[in-house]
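Read through the structure below, which is laid out as structure tokens, and then see the notes.
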Amino acid sequence: MIKVENVTKVYPNGAEGVKDVSIHIEKGEFVFFIGSSGSGKSTLIKLLMKELNPTDGQIVINNINTTRMKRSKIPFLRRNLGIVFQDFRLLATKTVYENVAFAMQVIESPSSQIRRNIPTVLSLVGLQDKAKAYPNQLSGGEQQRTALARAIVNNPPILIADEPTGNLDPDTAWDIMCLLEEINKRGTTVVVATHAKNIVDAMQKRVVTLKDGHIIRDVRKGGYSDEA
Amino acid sequence: MIKVENVTKVYPNGAEGVKDVSIHIEKGEFVFFIGSSGSGKSTLIKLLMKELNPTDGQIVINNINTTRMKRSKIPFLRRNLGIVFQDFRLLATKTVYENVAFAMQVIESPSSQIRRNIPTVLSLVGLQDKAKAYPNQLSGGEQQRTALARAIVNNPPILIADEPTGNLDPDTAWDIMCLLEEINKRGTTVVVATHAKNIVDAMQKRVVTLKDGHIIRDVRKGGYSDEA
Amino acid sequence: MRPSSIRYYFKEGFTGLLKNRLMAVASIATVAACIFIISLSCCIIGNLSSVLKQIEDTIGIAVFLDDNLDSEKINTISDELKAIPHVTMVTYISPEEALDSLKEEWQADDILDGFDGENNPLSHSFEVSLEGIEYQSDVLKGIEGISGIRNVRHAQSETQILLKLNKVLSIVGIAIVAILSIISVVIIMNTIKISVYTRRTEINIMKFVGATDWFIRWPFIIEGVLIGLLGASIPMAVSWPLYTKIVELIYQYFPVIKGIATLLDGYVIFSKLIPVSLIFGVLLGVFGSVSSIHKHLRV
Amino acid sequence: MRPSSIRYYFKEGFTGLLKNRLMAVASIATVAACIFIISLSCCIIGNLSSVLKQIEDTIGIAVFLDDNLDSEKINTISDELKAIPHVTMVTYISPEEALDSLKEEWQADDILDGFDGENNPLSHSFEVSLEGIEYQSDVLKGIEGISGIRNVRHAQSETQILLKLNKVLSIVGIAIVAILSIISVVIIMNTIKISVYTRRTEINIMKFVGATDWFIRWPFIIEGVLIGLLGASIPMAVSWPLYTKIVELIYQYFPVIKGIATLLDGYVIFSKLIPVSLIFGVLLGVFGSVSSIHKHLRV
Ligand SMILES: Nc1ncnc2c1ncn2[C@@H]1O[C@H](COP(=O)(O)OP(=O)(O)OP(=O)(O)O)[C@@H](O)[C@H]1O
Ligand SMILES: Nc1ncnc2c1ncn2[C@@H]1O[C@H](COP(=O)(O)OP(=O)(O)OP(=O)(O)O)[C@@H](O)[C@H]1O
Ligand SMILES: [Mg+2]
Ligand SMILES: [Mg+2]
């Protein structure tokens, strides 16, 4: 499903995001990316969604080599990826409802389906009461959950979440993780970059650990810091 | 030092941030604000720094009633408060160094002192290598640490941090908390809104729990969810 | 395009204007101000050249006849003059009329008192009007072929000046309107560019959730059309009545102008200016928006 | 203010321009474009009114003397005319000269051939020039008191027209420049307002870390001064040489104008226009910046 092969990303200012990273993720897997702050998790995710292009190496998603992709095809790649950004990236001029609806309008879903799906998804993340609020009227955690709702509303085959619980209290965070596992069980490939030690430890999924841009550990069923 | 008396904040759109909250914090205390997402932690912090004005009740900081303060005095109130914002609020057009230096320029510190203090503070938060980077060239956790460096560089008598470790891995988060405790030991009053259960449990400080805008618990030496 | 998308584009285009009010007002005001200046110049230049044309039309050729011609011969000459191409009117002026007008012109009757009646030294003459000042030399050639003419007087230097003035005015007029248009385009594009710039994050986010370039562009195009339409309608709505009022005031305050020339009717100017402005405004709005978002789309 | 703060203000003011390049370029281009249009209008209006003034100055009063005066009496009259206030020059015209100029004016010598020498019916006359057309009636009153004058001819209607034209031109000129200035102010303020708007988060953040209003304002004021100075310098640097070149071209292409009037020297226009533009630009830049940040400061 996702094949990252010897990918290196050096930023224009010389900072190294990831170095010679290779990773294969099968359809239906649930993978945690962990690692200390600045280790390259977000960089890897940005490479997957083609927000960044690798300096070296290549990335294949759904058998399509995204490194040599036509510009006009990029939107269709991104529609396969539901993404929760670390900085949320909500549209400030749209309400919670509209932000989520937008992701459906982009893929030209019929309005009737939009009207049907959004309330369901908002109550999944516990935001049914905030549908009419604008992002600047939300708490940090509420913004994060809006971003999650937008990422899952189209049932993408791949869901990538960067720090989806950083602004959530342990209970809500746990609910959200259960939701992700639920989505994973229905066949979606899920990739989560996180610092939530407790959750990683409890879920016993595949854990990929980054350090200074390198993958230093990749275990099938692991915790936050099993050995080391 | 900080007296919050029967403060209620209703947002213009009718959402209730905090309701009838009273809390006294003495000089030199270390206080955690905890509570689920949307419980009113950030609202309370914004009220303290006068980003918001209370709908009802009053707030006294350093014996000054900030609810009835002259507009021209507000900057001087804020200089007593080192604040780490949940959304960082870094100046996008300034480097890490300049963002921190800015907080010193605002209080008209001499340039020599600026040049002396900043490297120290940056290495305290582990950003000595990122001094020349702009915020959009930083990882989430690096931005958060820049915000912290800016908050502590002037040695303010009160330090308020909203979710200072939300984007940090457990180890870095722990380092940062130790730093905050260190600062607290030197006499600074520290208020931290956080979801980091492990840290709250380990540090055994005063814990104030919010729920739906109310204070439901206030214990002198507590964990994240001692009883309940 | 699905109908729901089309509905979305229009809804977004309209609400885009409403939600980014500062930008919208700024862009519309800028477009309006620029088009107002251009239409002001068009009114001034249009009238100047119309007045010039009218003055030109009054410049004719004076044809003085030999002495002692009988009235039949004079009639023949009149017919021959009328037959020359581009001649619109031929007016006979008797020696007495010529003397009267000379007296009037000098405002000193008594000096010329001795020339009345039989003593009148002036000759029979014709005033020949032309279709246009540019035909003067053609007509002069035609007149040469007619017998019984002693002398032809035409306003050689005035003609030259007017012809040149005409040319200069049209060059200067086009130049001024062109300069103003270019400046307006620069200003308007700047405004729209900034207005799009403030929404670059928005465009970015759209790209990252999988929107195609056209999906992002359409609302901006519609917004651009609205900005252009509003920005062009306002100055047109203001300047037509304003122009009519000013023409009225000029006539009132300055009645002598009626003798020289009539000013253009508002309809003549604005029947052309309105469609041109609207198209100009809309094109600018659309082109400004689309070209400004272009670089933000490359992510 | 500490010296380190002053250094900070200047550094921020300058780097503000560099870091917000799109905004800076847009603002400067807008200021420049507007000031260019205004200076263009000033050149045109200034020259029109100067040419008008020169034409007015050529309009004098023709004084015709009684017949049969001896040359001594004529000299006395000349002196009396010169003594009238506001008279700048008195030129004697003999009957022969008058006839010659009449012949030339008519371009038909032969008609008036019979009047040469003794037969000349024209009288001795004086051409009286005035300081300004507005003194005409005063001078006419003065002439009335002089004996030996048969007739006075003055361009009654031309004078009226010119006086009115003068008045109209100054009103229209002021109106046009005022309208353009207002429009420019609107456009420039809009541009600066947007440019500040894009930095509202920045201003907000400064407030929240304890910056005073003035600490935030100073760099913007300096930035505003720079925008104003650059925005005003560019059109001045362009339009002075441009004006000189255009005047040259007009003289070359259109030599007849030299006989009527001389156009204003660039120095005359720009020695006033440059300081006015610079001040206008700087005030706009400063006022635009400061007023736009005002509402973002209220946090
Ligand atoms: N746009 C950029 N330009 C330059 N350097 C960058 C840029 N983005 C990230 N970096 C650098 O690349 C490294 C990896 O960053 P990345 O955002 O991938 O870290 P991360 O693992 O997501 O960290 P965190 O947990 O703090 O979010 C960091 O050192 C960071 O400073
Ligand atoms: N500007 C605003 N306008 C309207 N409602 C707001 C605004 N800011 C916050 N709220 C609402 O007030 C409530 C409390 O928000 P607050 O940001 O204080 O929560 P929090 O405790 O900081 O949550 P989190 O842990 O998710 O950051 C929430 O329900 C939120 O939606
Ligand atoms: Mg990251
Ligand atoms: Mg919060």
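Nothing in this text is a laboratory measurement; each read-out follows from the coordinates by a stated rule. These numbers come from a predicted model, not from an experiment. Ideal geometry is used to build each Cβ from the backbone, glycine not excepted, and the neighbour counts take in all protein chains shown.
Quick notes on this one:
- Net charge, C:Ser27 excluded, C-beta distance under 15 Å - Lys, Arg +1, Asp, Glu -1: +4
- Aspartates and glutamates whose Cα lies under 16 Å from that of A:Lys27, excluding same-chain neighbours fewer than 8 positions away: A:Glu181, A:Glu182
- Distance between the C-alpha centres of segment A:51-74 and segment B:29-55: 44 Å, rounded to the whole angstrom.
- Stokes-Einstein diffusion for chain D, with the hydrodynamic radius set to the Kirkwood value over Cα pairs and evaluated at 4 °C in a medium of 1.567 mPa s, equals 53 µm²/s.
- Mean-position separation - Cα centroids, segment C:160-226 and segment C:241-261, in angstrom: 35 Å
- Calculated FRET value between C:His86 and C:Gln252, using beta carbons and R₀ = 45 Å, to 0.05: 0.75
- Pairs from B:Lys132/D:Lys11; A:Lys9/B:Lys197; C:Lys272/D:Lys272; A:Lys94/A:Lys197; A:Lys50/B:Lys130 whose Cα-Cα separation, in the structure shown, is over 28 Å: A:Lys9/B:Lys197; C:Lys272/D:Lys272; A:Lys94/A:Lys197
- With Cα atoms, 0 to 90° folded angle of helix C:213-253 axis to chain C main axis: 30 degrees
- Computed label-point distance, nm, for sites C:Ser129 and D:Arg7 using a 7 Å Cα→Cβ extension: 8.2 nm
- Local charge for B:Thr93 was computed over the other residues whose Cβ lies under 12 Å away, with Lys and Arg +1 and Asp and Glu -1, and equals +1.
- Set of aspartates and glutamates with alpha-carbon distance to C:Lys193 below 16 Å, sequence-local pairs under 8 removed: C:Glu202, C:Glu223
- The angle between the Cα long axis of helix D:95-106 and the longest principal axis of the Cα atoms of chain D comes to about 60 degrees, rounded to the nearest 10.
- Förster-model FRET efficiency, 35 Å R0, B:Asp20 and D:Arg200, C-beta, rounded to 0.05: 0.60
- Aspartates and glutamates whose Cα lies under 14 Å from that of C:Lys245, excluding same-chain neighbours fewer than 8 positions away: C:Asp265
- Separation of the D:Ile146 and C:Ile179 label points, Cα + 7 Å toward Cβ, nm: 4.6 nm
- Above-threshold pairs, the threshold being 29 Å between Cα atoms, out of A:Lys3/A:Lys70; C:Lys19/D:Lys295; A:Lys19/A:Lys205; A:Lys221/B:Lys205: A:Lys221/B:Lys205
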